[in-house]
Amino acid sequence: MKVTHIFWSLGFGGIETMLVNIANAQAEAGSEVSVLIINELYEQSLVNSLDKRVNLVFLNRKKGAIT
């Protein structure tokens, strides 16, 4: 199964930690998992805790950008 999670940012918080846990579990179960982060805000420790099988994509939208 292919799964893509889309989030505005990957800052340190409950929902972000849950996203990492879910993505890792899905990858472990054999799914093709991608996490797409729209804004340029992310917590490196959460990035590091993602399973290496999870495809991480940063769009790096700047703060205040409307497009």
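The values are calculated or read from the model by the stated rules, or taken from the named source; none is laboratory data. Predicted, not measured: the structure shown is a model, and the values here were computed from it. All Cβ positions, even for glycine, are placed from backbone atoms using ideal geometry, and neighbour counts span all protein chains on display.
On the stretch given as the stretch 32-67, residues that are outside any strand (DSSP E or B) and not small (Gly, Ala, Ser) total 16.
Does ARG61 satisfy the criteria of being at negative phi and modelled with pLDDT under 95? Don't jump to the end; show me each part of the working.
Details: at negative phi: yes; modelled with pLDDT under 95: yes.
Yes: the conditions hold for ARG61.
Checked against the criteria, SER9 does not count as surrounded by 13 or more Cβ atoms within 10 Å (Cβ to Cβ) and at pLDDT 95 or above. Check whether at least one residue in the stretch 46-56 is surrounded by 12 or more Cβ atoms within 10 Å (Cβ to Cβ), farther than 16 Å from LYS2 by Cβ and not hydrophobic (A, V, I, L, M, F, W, C), and report yes or no. Checking the stretch 46-56: at least one residue is surrounded by 12 or more Cβ atoms within 10 Å (Cβ to Cβ), farther than 16 Å from LYS2 by Cβ and not hydrophobic (A, V, I, L, M, F, W, C).
Considering (1) within 18 Å of PHE12 (Cβ to Cβ); (2) among the aliphatic types (A, V, I, L, M); (3) in contact with a Ser or Thr (Cβ under 9 Å, 6 or more places away or on another chain), the lone condition that VAL57 does not fulfil carries the number (1). Here GLY30 meets each of (1) surrounded by 12 or more Cβ atoms within 10 Å (Cβ to Cβ); (2) at positive phi with one exception, condition (1).
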